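Here the structure is laid out as structure tokens; the discussion comes afterwards.
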Amino acid sequence: MRKITRTEKPLFLTNEKEAEWGERYKKNREEKGISFEFQWPKVEKVKLNQKLLPILRQISQNHCFYCDAFPTEIIGESIDHFKPKGNPLFYVDVCKWENLYLACKHCQDSKKEDYNELLLRPDAIDYDFEKYFEYNSISGEIDIKINISEYDKEKAEVTRKIFGFNQEKKIEDRKRFFRLWHIDPERVQQIDTYNYRFMFD
């Protein structure tokens, strides 16, 4: 999970709209239960997710906010609700800018509706990959730093597990791009076209 710098929310996503859409969703879920299917609200006749996707892609240079897979449009992208929209505690957060993350299919499928207060956010001010993790170039796994506090180790473990960072497919994919990096003479100039940039930072 690479550090992400989130921009200010777009002008069309006002505090009033966030609150209005959140309260509307909350009301529908409480009245209709799980049978109610979330639909993105519209802004100027365009669904909110379609308005937000180009902005989120630009923030991460078309990489998944979680695992840094690239490019999201091709590998299957969606907007993840960091605090899950299916949890009654977070109904009102359903359209809040700080709760919306660009995610690849792997991370979305791994995370599903899971949430834990310890889960690391890639756009948190104090987040840094090297603070919590290190890439093991031999095993292909993302290891947790040894010389950090037990609390930070727990946060790292929760994050690694929920997003499935060490699932076999991810391990093999990282190995492949690690090999490619070392034979590419233009790798530094083309780093934003690589998956898993945290391996090379």
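Since every read-out is calculated from the coordinates, none of them should be taken as a lab result. In this text the structure is predicted, and so the values were computed from the model without any measurement. Backbone-built Cβ (ideal geometry, glycine too); neighbour counts: all protein chains shown.
Side notes on the structure shown:
- All-pairs alpha carbon distance profile, the chain, 10 Å steps from 0, percent: 8, 33, 35, 18, 6, 1
- Here the calculated FRET efficiency for ARG24 and ASP126, from their Cβ-Cβ distance with R0 = 35 Å, stands at 0.55, rounded to the nearest 0.05.
- Local charge for LYS161 was computed over the other residues whose Cβ lies under 13 Å away, with Lys and Arg +1 and Asp and Glu -1, and equals +2.
- Under 16 Å from the Cα of LYS85 - aspartates and glutamates, other chains or at least 8 residues apart: GLU18, GLU20, GLU23, GLU30, GLU31, GLU37, ASP93, GLU98, ASP109, GLU113, ASP114, GLU117
- Violating pairs (Cα-Cα greater than 27 angstrom) within the set LYS47/LYS83; LYS96/LYS153; LYS83/LYS153; LYS96/LYS175; LYS131/LYS169; LYS17/LYS155: LYS96/LYS153; LYS96/LYS175; LYS17/LYS155
- For a 4.7 Å threshold on C-beta separation, the list of partnerless cysteines in the chain reads CYS67, CYS95, CYS107.
- Relative packing of peptides 151-158, 179-186 - highest average C-beta neighbours within 10 Å first: 151-158, 179-186
- Where only alpha carbons of the stretch 3-118 are counted, the Rg and the Dmax (Å): 14.0, 40
- Remark: the PHE38-GLU157 segment gains 39.8 nm on full extension, using 0.36 nm per residue and subtracting the alpha carbon distance.
- Extension gain for GLU168-ASN15 works out to 50.9 nm (0.36 nm per residue, less the C-alpha to C-alpha distance).
- In range of the label at ARG176: residues from the stretch 96-121 whose backbone nitrogen is under 16 Å from the point 7 Å along Cα→Cβ: 105-107
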